[in-house]
1. Calculated FRET efficiency, S8 and F200, Cβ-Cβ r, R0 35 Å, to nearest 0.05?
2. State, as an integer percentage, the relative contact order of the chain based on alpha-carbon contacts under 8 Å between residues 6 or more apart.
3. Please give me the summed charge of the neighbours of C32: other residues whose Cβ is under 14 Å from its Cβ, Lys and Arg +1, Asp and Glu -1.
4. Per-residue ellipticity at 222 nm for the chain, helices alone: DSSP H runs ≥ 4 residues times -39500 (n - 2.57), over residue total, nearest 500 deg cm²/dmol?
5. Using the crude model of +1 on Lys and Arg Cβ and -1 on Asp and Glu Cβ, and no other charge, please compute the dipole size for the chain relative to its Cα centre, in debye to 20.
6. Between F26 and E211, what is 0.36 nm times their sequence separation minus the Cα-Cα distance? Round to one decimal in nm.
7. Please give the contour-minus-distance gain from M1 to E37: 0.36 nm per residue of separation, less the Cα-Cα distance, rounded to one decimal in nm.
8. Report the local net charge at K100: Lys and Arg +1, Asp and Glu -1, summed over other residues whose C-beta lies under 12 Å from its C-beta.
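Every number in this text was worked out from the coordinates using simple rules, so none of it is lab data. Keep in mind it's a predicted model, so treat the numbers as computed, not measured. Here Cβ is always computed from backbone atoms with ideal geometry, including for glycine, and neighbour counts include all displayed protein chains.
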Amino acid sequence: MISIIHLSDLNSELIKQYKAAIQNAFPDIILCSKFIEKYWDRVEEYFPEYQIFLIGEENQILGFMNAIPLHWDQPLDDLPDEGWDWMLEKGVLDYEQGLKPNSLGGLQIIVTPDNLGKGYSGVLIREAKQVFREKEFDHFIIPIRPTYKSRYPEMKMEEYMQMKIDGKIYDPWIRTHLKGGAKIISVCTQAMTIEGNVQFWERLIHRKVRESGSYIVEGALNLVDIDVENNRGSYYEDNIWISYPKVE
């Protein structure tokens, strides 16, 4: 039997599993985000009821979704290019400024490795939709990070998201959301921004960087541009804005 609980219900063992799952789910470049460093603790403190967990019979986390409420009163086509970073920051600052939320933002869905392919991501999406309806929000939006885009870091997201195999959209995460009723809004080309000096990037690339140019970093969806002369490198990650309808 699977239990559905929230962050405030986790015991110490489940909290350890939760933290480990986040560390294991993403490449090092994502874990270097300054936005995560600055805001993530506040997401967990302010919005425990929006962090949804699936717990198995033996007190193990099967998967979870981190979400954040925020206020957005413009057309969805105008959602910012800064995507994930923007949504994380805006949800936190809206709360601190007392701005009433009218939208649900999905930050991430993680299914633990032993439980992939069992449909748990779909369960989590359905649970989030239930929250969306219960709160009577106007929008449910997510800047999704396609699963296999890191295999094609030089390809434009607009081209990648149209790739098909046997008549099906190539990327499984895009497929999952479209199957669940989501609509693609746009590509957000600066959904996550990671910056650092040359030494920072050398640690991620695992070799010396002697010339300016574009480099592949493990797990990155796009190339990283490094300027050796100015001792600076910048990574701008594409995500895809999607939305779920209020009524299905």
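1. Once rounded, the FRET efficiency stands at 0.50.
2. Worked out over the chain, it gives 21 percent.
3. My count for the surroundings of C32 gives -4.
4. Details: 8 runs with 80 residues, N = 248.
Value at 222 nm, helices only: -9500 deg cm²/dmol.
5. Using only the charged Cβ atoms, the result is roughly 620 debye.
6. The F26-E211 span can extend by a further 63.8 nm.
7. Using 0.36 nm per residue and subtracting the Cα-Cα distance, I get 9.5 nm.
8. -3
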